Structure formats: structure tokens, C-alpha cells
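> First the structure, then my questions, so here it is.
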Amino acid sequence: MIPLENEDIVDPIMKYGKDVINSDIFRSGFHQRHHMKMTVADHSMDVTITALKISHALNRLHIHTDEKTIVEGALCHDLGILGRDEKFHSNHEMSVMHPILSVDETKKLIPDMDEKLEGVVRRHMWPASDITMPPNSKEGLIVMLADKYSATCEFMAIAVGRRFKAKAREELCDICIEPTSAAAAQPA
Ligand SMILES: [Fe+2]
Ligand SMILES: [Fe+2]
């Protein structure tokens, strides 16, 4: 991971993702298991960091990308997984259905969601969810690849008996997450 002193990573997340990260829906993702030992929110943070790294590499090749869509799409891509035990009967059903439900959750957080952002979220599981719906934008391709890379790293860590640890993600949580009003009211 790139250290978080790298402003290229922190700045776009603070600029485009802070409201999502501080929403109740996203925060509930820290209590929703994902990839065995991860949570939805931790994984989504990892995907966002990885997607921005890919975006910056492309920018150096003069391939320009829309960082707002990348950050919003990466943070929201798995929100449809929240409540998985009540919503889905099988992992297969979850893998097919959660991108559709993630679009609904994204709309709640980002009411002016445009078609590109919807495509990023809806198509991120290609080809596993629907082979006829590949990413239809550069940003969608980046988030899809970042998601698969992050998931692979998380499963590889579990395979060798370790919990996936991303220092950058933990630092990012410290930077971005505001205390809840209840926590803020606690005496120091
Ligand atoms: Fe997903
Ligand atoms: Fe994911």
C-alpha cells in the first residue's frame, strides 16, 4: 500500500468520499463480515485505495480518469451486501444480487448519482454476476480490477492464517471518520 502521507490518495477520498464514509449505512459495514475475516467497510476502503493507485498510474500514461466516480463507486460497490444473512439464501444469490442492491443503497447516499456511477456499482462483479454486463467506463474497469485485486489479497492472507492488515486503510479510517454525536458528547 502507498503510505497515507501520499496526498494523492488522501485528498480525493476526503474530497469525494467523506460524506459516504461518515454515513450510518457505510459505518454499519464495519460490523458486516465479508471475505471471511474482513468487513464490508474495510474491504471497500481497500478497494478505494487500490483503485486510486491504478488511476494515478494511468494518469502518468496520460489516460485521465474521473476520481469522483472512482471514489464514490469503490466506497459504495458492496453496500448491497449489508444484511446478507437476512437477504440472501446462498453465496451465489448474494454474488448475483448484491450489485443491484448496491445501486439502490448508493442512490440513498448520492441522490444525484449519474449513469456512469451506476454502471461502476452495477457492473463491478463482472463476469461472475452477469457476463453480459461488463464495465462500461474506464472508472468501472478500474473499480472492478481493484475489487478483484483486494479480494485476492484478503483471501491470500486468510489462506496463510493471517488477518489481512492494511495500515493505509486503518490510517484512512482515523483521518476520515468523524466521531458520532454520542461519542463526541463523552467527557474526555
Ligand atoms: Fe461485490
Ligand atoms: Fe468488493
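The values are calculated or read from the model by the stated rules, or taken from the named source; none is laboratory data. None of these values were measured; they are calculated from a predicted model. Here the Cβ positions follow ideal geometry from the backbone for every residue, glycine too, while neighbour counts run over all protein chains shown.
> Which of the residues belonging to the stretch 116-143 are within 15 Å of ligand 2 (Cβ to nearest atom) and free of Cβ contacts under 8 Å to residues at least 24 places away in the same chain?
Those that are within 15 Å of ligand 2 (Cβ to nearest atom) and free of Cβ contacts under 8 Å to residues at least 24 places away in the same chain: ARG122, TRP126, PRO127, PRO135, LEU141.
> Same structure again: Name the residue that is nearest to ligand 2 (Cβ to nearest atom), counting only residues in the stretch 68-100 that are part of a helix (DSSP H, G or I) and among the polar types (S, T, N, Q). Give the steps one after another, and end with the answer.
Here is the first cut: in the stretch 68-100, the ones part of a helix (DSSP H, G or I) are 68-76, 79-81, 84-87, 91-100.
Going one step further and asking which of them are among the polar types (S, T, N, Q), we end up with 69, 91, 95.
Values: THR69: 16, ASN91: 13, SER95: 10 Å.
This residue is SER95.
> Restricting attention to the stretch 101-114, which residues are part of a helix (DSSP H, G or I), in contact (Cβ under 8 Å) with a residue 40 or more places away in the chain and either buried (at least 24 other Cβ atoms within 10 Å of the Cβ) or more than 14 Å from ligand 2 (Cβ to nearest atom) (or both)?
Here is the first cut: in the stretch 101-114, the residues part of a helix (DSSP H, G or I) are 101-109.
Adding the requirement that they be in contact (Cβ under 8 Å) with a residue 40 or more places away in the chain leaves 105, 108-109.
Result: LYS108, LEU109.
> Please work out if GLU154 is within 15 Å of ligand 2 (Cβ to nearest atom) and either out of contact with any Leu (no Cβ under 9 Å at 6 or more places or on another chain) or at pLDDT below 95 (or both). It would help to see each step written out before you state the result.
Values: within 15 Å of ligand 2 (Cβ to nearest atom): yes; either out of contact with any Leu (no Cβ under 9 Å at 6 or more places or on another chain) or at pLDDT below 95 (or both): yes.
Judged against the criteria, GLU154 is a match.
> Turning to a different aspect of this structure: Consider the stretch 140-156. How many of its residues are surrounded by 22 or more Cβ atoms within 10 Å (Cβ to Cβ) and touching a Phe, Trp or Tyr at 6+ places or on another chain (Cβ under 8 Å)? Don't jump to the end; show me each part of the working.
The first filter runs over the stretch 140-156 and keeps only residues surrounded by 22 or more Cβ atoms within 10 Å (Cβ to Cβ), leaving 140, 142-144, 146-147, 150.
Cutting the leftovers down to touching a Phe, Trp or Tyr at 6+ places or on another chain (Cβ under 8 Å) gives us 144.
Looking only at that region, the number is 1.
> Yes or no: THR65 part of a helix (DSSP H, G or I) and of a type in the set (S, T, N, Q)?
no
> Let me ask you something else. Sort out which residues of the stretch 70-98 are surrounded by 23 or more Cβ atoms within 10 Å (Cβ to Cβ) and aliphatic (A, V, I, L, M), and write them in order of number.
ILE70, VAL71, ALA74, LEU75, LEU79, ILE81
> Something else: Of the residues that sit in the stretch 157-170 and are within 16 Å of the chain's Cα centre (by Cα) and surrounded by 14 or more Cβ atoms within 10 Å (Cβ to Cβ), which one is modelled with the highest pLDDT?
Within the stretch 157-170, the match that is modelled with the highest pLDDT is ARG169.
> Can you confirm whether the stretch 54-69 contains a residue that is buried (at least 16 other Cβ atoms within 10 Å of the Cβ), more than 16 Å from ligand 1 (Cβ to nearest atom) and among the aliphatic types (A, V, I, L, M)?
Checked the stretch 54-69: at least one residue is buried (at least 16 other Cβ atoms within 10 Å of the Cβ), more than 16 Å from ligand 1 (Cβ to nearest atom) and among the aliphatic types (A, V, I, L, M).
> Among residues belonging to the stretch 34-47 that are crowded, with 19+ Cβ neighbours inside 10 Å and free of Cβ contacts under 8 Å to residues at least 60 places away in the same chain, point out the one that is farthest from ligand 2 (Cβ to nearest atom).
The extreme case among them is ALA41.
> OK, next. Can you name the residue in the stretch 32-64 that is within 14 Å of the chain's Cα centre (by Cα) and of a type in the set (Ser, Thr, Tyr) and, of all such residues, is modelled with the lowest pLDDT?
THR39
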